[in-house]
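Peer 1: My questions all concern the structure below.
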Amino acid sequence: MQSAALLRPTLLALSLSLACVAQAQTTPDGTARTRSATDLDAITVTGERAHTDTGALGDRAVRDTPFAISVVGREAIEQRQVVSLGEAFLTDPSVVTQVSAYASGWSSPIRNRGIDLSYDSYRVNGLQVSSWGTEWPLEVMEQVELLKGPGGFMYGFGQPGGIINYVTKKPTDTTTLSTQLGWREQGVVSGQVDVGGRFGNEDMFGYRFNAYQEKGETFSGGEVNRKVGSLSLDARLSDAVTWTFDGVFQERDLSEESPQWYFRGITELPRPIGGDVDNSIPGTYYDTRSSLLSTALNWQISEDWKASVSYGYTSSWNDVNKIFAYVDDVNGDYDINSYELGGKSEWKHAQAMLQGRFQTGPLSHQVVAGVSHQKATGWDRPYEWNLIGRGNLYQRPTIRHDAVGSRVMTRSSETIQQAVFVSDTVDFGHGWSVLAGARYNDFENKGSYHTYPVTPTYAVMYKPVEEVTLYTSYVESLEAGNRVGSDYINAGDVLDPTISKQFEVGAKMEYPRWNANVAAFRLERGANIDRITPAGLLLVQDGITLYEGIEASGAVHLTDAFTLGGGVTWLDPTYDKLSPDSASQQGNRTTGAARWNGVLHANYQLPWVDGLEAYALARYYGDVYYDADNTLKLPDYTLFNAGVGYRMQWNEHAVTWRASVENLTNKKYWSNAGLGLPRTFAVSVRLDL
C-alpha cells in the first residue's frame, strides 16, 4: 500500500511536468535521421493526422479545431496489439476503460472526462452506428477519433462525454497484401488478410479488402468466436468526381462470459479476485451481429469548394443470456440473476454537405453547410429477469442457466432526426479567427416526445505561429432521454431529453520533435438520480451533474530513437442544483468519476539490433465513488504494460514479430465495471508480401 501511495504523486507529477516541459521547448530544426527498412514506427496514440472529419465542421486539420480531439492511428493499434477501444485510448489520461476485452459484451466500453459514452455515441465514417453489446472491429480501421465533450453541433444527438468516429481502411495507391497470425492468453488464436490496390484505365478503380477471425478460450474461461469482413471501393469518375463504397460486417459469439458485477447495500469492498478467475455460469452467452453499408459521391467543384452526398445503412442484432451478480456483503456473497434479452436496431442516414472558402474584403471565410435525415428503428423481444441462486466470489458457481425466453420481436422504438447545419470560420488575419455555427434538429421519438432544439457552437482561435493554436469554445448538445432500466420501479419509462453545455479553453502545439495539448473545461448536463421511495427505487431527473477539469498531455522525441510521453487529468465532478428530495447528494462526487488520472509511456528503438523496439507504459486510475450517496469507494490502482517488436527482411518481404503483456504485475483490482483485466500475454507475426 505504501509503495502505491508513493507512486501516485510521482506518476502524476512526472506526467504534468512532461506536458509543461514539452510546451516550454523552443522550436527544433526538425532534422530527421534516415530510417532503415526494418525500423518500427514510434507509438503515438494521441498523435494527429493532417485532417479529420469533424461532422458539420467538415474536413480540417485537427490542430485547427477549437475542441479537444484524440486520434489513434493504425500503427499504434498494431504496435500495442490493441483489441478493444479502451486499450486504444490507454495513453489518453481522460479516457477510462469500462469493459475488459473478452470479459463481457456489455455496453459503454469507455468513459471520457468522467462520463460514459452511450450506445449512440459512435460513428463509422461519420455514420451513426450502435455499440449496444458490441465494439466495432479495430482490425479493419485506419484510425479512431474521439471528439471530447458534447458533439451536438457536429453530429446531432449524443452523450456529452464525446463522440467516437471509426475510419475504415481505404484503397491503397499501390498493390498491397499482408497476412497476420496472433495468439492471446488463455488460448485465443487469430488470423487476418489485408489486400488493397487499384486497377482499370489510369487506375480508375480502387479496392481494400479485409478478413479477420479470432477463436478460442478467453482468460476467464469463456469461448469467443468473432468473424469480421470489410470492403472499401472507390471510382475516380472524373478529375473532380469520386464515388466511394464501404461495407463492414462483424459476427461475435461469446459463451460463458464473466458475470457483470454490481454492489448492493455495502460500504466496504470484498477482496478482489483476478480477472482470469472463472465465475461463469454454463449455458450463458452473448451473441451480436453488426453491419454497415454506405456510399457517397464527392465533387471537387474547384480548388476552394467541394460537395458531397452520402447515404448509409447500419444494423445491430443481439441475442443475450447474461448473468448479473450483485455482491451484498464483504465476504463476497452475491445474488445470481439471469437476464435474457434480444433485439435489433436499424439506422438509415442521408446527408448532403457543401464546404468551401471565399473572401469578403479583408476577411477570409471557411464555411460548411448541409442537411441530413436519419431514421432509427428498434425491435425488442420480451426480456426475462430471474434470481437463479447465490454465489461467492471465491468459489466456482455450481448452477447452470439455459435460455427460456421468447425469441419473438416487436417494434419498440422509432426516431426520426432531421437537421440543417451551417458554420462559418472567419479569419481576421494576424492569427485571429472566429467560428460560429448552429444545427437545427427536428427530433421525434415516436410515442414519447417531439423536440426542435437549435444547438450552437462558438469559438475564438489564435495562432501565434503555424504550429500552435490557442482557443476558447462553447458548445451545446441535445441528449436523448434514456429508457429506465429494470432495477427501478419506473422501468420502461423514457426520460425527457436534456441540453448539455460545455465551455473549453485550450492550446494545441505540434512541432517536428514534440507535441502537447492542454484543455480546461466546464460541462453541465442533466442529472439522473436514484431516489428511494416507500414503493422502491426510482430513477428521476433532478438538478445537474457538473464536470470541471484540466487535462494535459504531450510527447517528446528526446533522441531519434527514444520517445517519452505522458499526460494527466484532474476532474472535479459533482451533483449540483438538486431539489430538496435529493438534497443529501448535493455536492457529492458523481459516480464513476475519478479526480485524478495519469499516464507515462516510452518507446525506444534499441541500438544493438536493427529493427528491434521496446515500449513501456504505466497508467494510474484514481479512486471513484460507486454510488451517488458516496458511501462506497473503489480504490485507486496503477497498471503496467510492456512490449517488444522486431521487423526483419525475409526474401525481400517485411516480417514483423510482436510480443506484449498487459497488467505486468498481475494487479487484482475492482474497476467501475467489475473485475479488472488480468495479466495477459499476446504475440503476433505479420508478413507483408
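The values are calculated or read from the model by the stated rules, or taken from the named source; none is laboratory data. Please read these numbers as outputs of a predicted model, since none were measured by experiment. Note that we place each Cβ from the backbone using ideal geometry, even for glycine, and neighbour counts take in every protein chain shown.
Peer 1: Condition first: buried (at least 16 other Cβ atoms within 10 Å of the Cβ), modelled with pLDDT under 85 and of a type outside the set (Phe, Trp, Tyr). Can you find one or more residues in the stretch 499-521 that meet it?
Peer 2: Looking through the stretch 499-521, at least one residue is buried (at least 16 other Cβ atoms within 10 Å of the Cβ), modelled with pLDDT under 85 and of a type outside the set (Phe, Trp, Tyr).
Peer 1: Let me ask another. So, restricting to strands (runs of 3 or more DSSP E) that lie completely within the stretch 246-332, which ones have at least 1 residues that are closer than 27 Å to GLN128 by Cα and either in contact with a helix residue (DSSP H, G or I) (Cβ under 9 Å, 6 or more places away or on another chain) or of a type in the set (A, V, I, L, M) (or both)? Break it down into steps so the answer makes sense when it comes.
Peer 2: Details: elements: 260-263, 285-299, 305-327.
Correct list: 285-299, 305-327.
Peer 1: Among the numbered conditions (1) assigned to a strand (DSSP E or B); (2) in contact (Cβ under 8 Å) with a residue 24 or more places away in the chain; (3) not charged (D, E, K, R), tell me where GLY191 comes up short.
Peer 2: GLY191 satisfies every listed condition except (2).
Peer 1: Please work out which one of (1) among the hydroxyl-bearing types (Ser, Thr, Tyr); (2) more than 23 Å from the chain's Cα centre (by Cα); (3) more than 26 Å from ASN321 (Cβ to Cβ) is the condition THR168 fails and give its number.
Peer 2: THR168 satisfies all of (1) among the hydroxyl-bearing types (Ser, Thr, Tyr); (2) more than 23 Å from the chain's Cα centre (by Cα); (3) more than 26 Å from ASN321 (Cβ to Cβ) except (2).
Peer 1: I would also like to ask the following. Restricting attention to the stretch 336-364, which residues are of a type in the set (Asp, Glu) and within 21 Å of ASN125 (Cβ to Cβ)?
Peer 2: Our first condition is that a residue be of a type in the set (Asp, Glu); within the stretch 336-364, this holds for 340, 346.
Within the stretch 336-364, just GLU346 meets the criteria.
Peer 1: Counting only residues that are farther than 24 Å from SER121 by Cα, outside any loop (DSSP other than H, G, I, E, B) and either touching a Gly at 6+ places or on another chain (Cβ under 7 Å) or not acidic (Asp, Glu) (or both), how many does the stretch 468-519 have?
Peer 2: So the count comes out to 10.
Peer 1: Filter the stretch 220-242 for residues that are more than 23 Å from the chain's Cα centre (by Cα) and either within 20 Å of LEU293 (Cα to Cα) or in a loop (DSSP other than H, G, I, E, B) (or both) and give the result. Let's see the steps before the verdict.
Peer 2: Taking the stretch 220-242 first, the residues more than 23 Å from the chain's Cα centre (by Cα) are 220-223, 233-242.
The answer is SER220, GLY221, GLY222, LEU233, ASP234, ALA235, ARG236, LEU237, SER238, ASP239, ALA240, THR242.
Peer 1: Still on this structure, I have one more. Hey, among the residues in the stretch 570-584 that are part of a strand (DSSP E or B) and touching a helix residue (DSSP H, G or I) at 6+ places or on another chain (Cβ under 9 Å), which one's nearest to ARG111 (Cα to Cα)? Write out each step before concluding.
Peer 2: Step one: of the stretch 570-584, the residues part of a strand (DSSP E or B) are 570-576.
Remaining after also requiring touching a helix residue (DSSP H, G or I) at 6+ places or on another chain (Cβ under 9 Å): 570, 575.
Values: TRP570: 15, TYR575: 18 Å.
Looking at residues that are part of a strand (DSSP E or B) and touching a helix residue (DSSP H, G or I) at 6+ places or on another chain (Cβ under 9 Å), I get TRP570.
Peer 1: Filter the stretch 395-412 down to residues that are more than 30 Å from TYR334 (Cα to Cα) and modelled with pLDDT of 90 or more, then give me how many there are.
Peer 2: Within the stretch 395-412, the first condition is being more than 30 Å from TYR334 (Cα to Cα), and the residues that meet it are 408-412.
Then keep just the ones that are modelled with pLDDT of 90 or more; that gives 408-411.
Of the residues in that region, 4 qualify.
Peer 1: Are any residues in the stretch 65-79 acidic (Asp, Glu) and in contact with a Leu (Cβ under 9 Å, 6 or more places away or on another chain), and if so, which ones?
Peer 2: If we filter the stretch 65-79 for residues that are acidic (Asp, Glu), which is where we start, we get 75, 78.
Selection gives GLU75 alone.
Peer 1: Which one of ALA594, ALA618 is surrounded by 20 or more Cβ atoms within 10 Å (Cβ to Cβ), at pLDDT 90 or above and assigned to a loop (DSSP other than H, G, I, E, B)? Break it down stepwise before answering.
Peer 2: Values: ALA618 fails: assigned to a loop (DSSP other than H, G, I, E, B).
So the residue among ALA594, ALA618 that is surrounded by 20 or more Cβ atoms within 10 Å (Cβ to Cβ), at pLDDT 90 or above and assigned to a loop (DSSP other than H, G, I, E, B) is ALA594.
Peer 1: Here is a follow-up. Does any residue in the stretch 560-588 that is over 30 Å from LEU600 (Cα atoms) come within less than 6 Å, Cβ to Cβ, of a residue that is of a type in the set (Asp, Glu) six or more places away or on a different chain, and which pairs are these?
Peer 2: What qualifies is LEU578/ASP542; SER579/ASP542; SER582/ASP542.
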